[in-house]
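The values are calculated or read from the model by the stated rules, or taken from the named source; none is laboratory data. Keep in mind that what you see is a predicted model, and the values were worked out from it rather than measured. Every residue, glycine among them, receives a Cβ derived from its backbone with ideal geometry; neighbour counts consider all protein chains shown. To get the accessible areas, we keep the full protein, side chains included, count just its heavy atoms, and leave off ligands, DNA and RNA. Shrake-Rupley method; radii C 1.70, N 1.55, O 1.52, S 1.80 Å.
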Amino acid sequence: MILIAPDKFKGTLDAERVASGVADALRECGVSDEIMCRPLADGGEGSQRVLLSEPRSVWPGVYVDGYEVVVVSADVVGRGCFGNGIGLMERSSRQLGEAMRCAMSLKPRRLTVAVGGTMCSDGGAGMLAALGGRFYDKAGNDISAGMCAERLRDIYSIDFCGLESMPTLEAMIDVEAELCTGELSAIDFAPQKALPGEDISGLREGLQRLSAMITGRSRYDGAGGGIGFGLCSVLGAKGYLGAERAAASLPWERKPSIVITGEGKVDSQTVLGGKLVDRVVKAAERSGAQAYIVCGTMEEGVPYSNVYRSDIYEGSVEERLAAAVREIVRCASWLREK
């Protein structure tokens, strides 16, 4: 059995289209094995399908299944959620806090916030402000309503006494990173979220100021531009890597002989941050399956074999993906012998 379990190709194809595209290409190449498609998410778009059996949308970004409620951050502070021309330093995670308030009104037994695919980097301050946290400048002015990355440097004092009471709170995190220090932090992800030419030089100073005022620390603080910090280190959410949850959810009991996974760009963050592709490859190896990766682009030096890039081919995104799959079939003896 061939298991197709990719992440999205960010900005081009969602995980479902990647999985179906790989399956179609395999069939067109004459592969007759049983194929199972299990598109995945590790905290970003589509995470509700990993966390809930039958997710039902009740509010933008809020999904319900019985007494379980999931808020997907990518749906409210992700790509396309901010107006054109609004730079990274002006964006706020406030909409996520508002979605969480809606979710809490449903009285869930457990509230899970899926963190990934975000386009803000305010350390979760906007989210905390929406939930009742208060931020003040040196003159004592309440600056909570306008909290964003640009205003982090203005914070002089914080009052979290008014934070709303939380249900059992969990955070499905897409990457392991620190807030503003260490080998991988929210700072490393900021340039890919910023507008071309935007000055984000003050972001480190702002995140350092926020971090210095709060004693808590978790290994997920840098996820979602610091939303992990607000959830885990401030609100006390139980964090876990979404990639591990997603990889574990795959039907390994079916003993797939081949696993094909992938994402838009395979790079050092895939490895260092414990992202979905890395976890699926490791789980496949443990199960005795042969793992293959399809991607849009690949950074030199990543420690994976059997990686097939689509950007070296011509045509639409779908056509390039199919060409990469044909190369897998051409190179893999297990398929040539079919």
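Per-structure values
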item	result
For the chain, size of Cβ-based charge dipole, Lys and Arg +1, Asp and Glu -1, in debye	640
Cα-based reach from K282 at 21 Å (exclusive), listing lysines while leaving out same-chain residues under 8 positions away	K8, K255, K265
Where trypsin sites (Lys or Arg not before Pro) fall in DSSP loop in region 92-195, at most 12 other Cβ within 10 Å	R109, K138
Cα→Cβ-extended label distance, 7 Å offset, between N84 and Q290, nm	4.8
Accessible area (Å², per residue) of region 132-186, counting only protein heavy atoms and a probe of 1.4 Å	46
Accessible surface, region 6-64, averaged per residue in Å² (probe 1.4 Å)	46
Average accessible area per residue (Å²) across region 209-275 - probe 1.4 Å, nucleic acids and ligands excluded	36
Exposed GluC sites (Glu not before Pro) absent: longest stretch of the chain, with sites in DSSP loops and at most 11 other Cβ within 10 Å deemed exposed	35-182
Ordering of 46-52, 212-218, 236-242 by packing [mean C-beta count within 10 Å, highest first]	46-52, 236-242, 212-218
Dipole of the chain, positive end: most advanced residue of V175, G206, I2 [Cβ charges, Cα centre]	I2
Shape call, region 28-152: gyration tensor on alpha carbons, a/c limit 1.5	oblate
Gain upon complete extension [E16, N141; 0.36 nm per residue less C-alpha separation]	40.3 nm
Which labelled figure in (i) 42, 25, 21; (ii) 38, 21, 16; (iii) 27, 24, 19 is semi-axes √(5λ) of the Cα gyration tensor in Å, once derived from the coordinates	(ii)
Relative contact order of the chain, defined on C-alpha pairs under 8 angstrom at six or more residues apart (%)	18
Relative contact order computed over region 274-333 (Cα-Cα under 8 Å; 6+ residues apart), in percent	24
Over region 95-212, relative contact order from alpha-carbon pairs under 8 Å, at least 6 apart, %	29
Nearest-20 debye value, region 11-157 charge dipole, Cβ charges on Lys, Arg, Asp, Glu	600
Carbon/sulfur fraction of accessible area - the chain, other protein chains in place, 1.4 Å, %	45
Cβ-defined net charge surrounding D154, 10 Å radius [Lys, Arg +1; Asp, Glu -1]	+2
Helix 203-212 axis, angle to the chain major axis (alpha carbon atoms, nearest 10°)	60
